[in-house]
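The values are calculated or read from the model by the stated rules, or taken from the named source; none is laboratory data. Computed from a predicted structure; not experimentally measured. Calculation scope for accessible area: heavy atoms of the full protein, side chains included, ligands and nucleic acids excluded. Shrake-Rupley method; radii C 1.70, N 1.55, O 1.52, S 1.80 Å.
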Amino acid sequence: MAAFGDGVYEDATQYMSKQKRLSNEVRLDAYGLFKQAGVGDNGSVRPGLLDMVGRAKWDAWHKLRGMSATVAKQKYIALAQTIGFNPGASGTAELVRGGETFVQKGGSA
């Protein structure tokens, strides 16, 4: 797995936050990795049965317990790459869609 700096991770989080058509599975994986990278192990109480969204998010984060922040960031970047994020050179992020490459400087759209 390639090592990237925090700048690439920040670009990836910005890219992922702007995606509107992600499956629930990808969203939950991204949520769990984001929380593990930023907070660490989940120490909260699992939400009740009636809070299905909260439980799904809790489970996605909890299954990553013990993973380091660095590994979580690397996996988050890899997940973002599977849906089109491509970290470019010198602080730019490239988005490839339909054979065209769009360059976003500084992670902004």
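Which of the residues that make up the stretch 40-80 are part of a helix (DSSP H, G or I) and acidic (Asp, Glu)?
Residue satisfying the conditions is Asp59 alone.
Scan the stretch 27-52 residue by residue and report those that are open to solvent by 30 Å² or more (accessible area, probe 1.4 Å) and within 13 Å of the chain's Cα centre (by Cα).
Residues satisfying the conditions are Arg27, Leu28, Asp29, Tyr31, Phe34, Lys35, Gly38.
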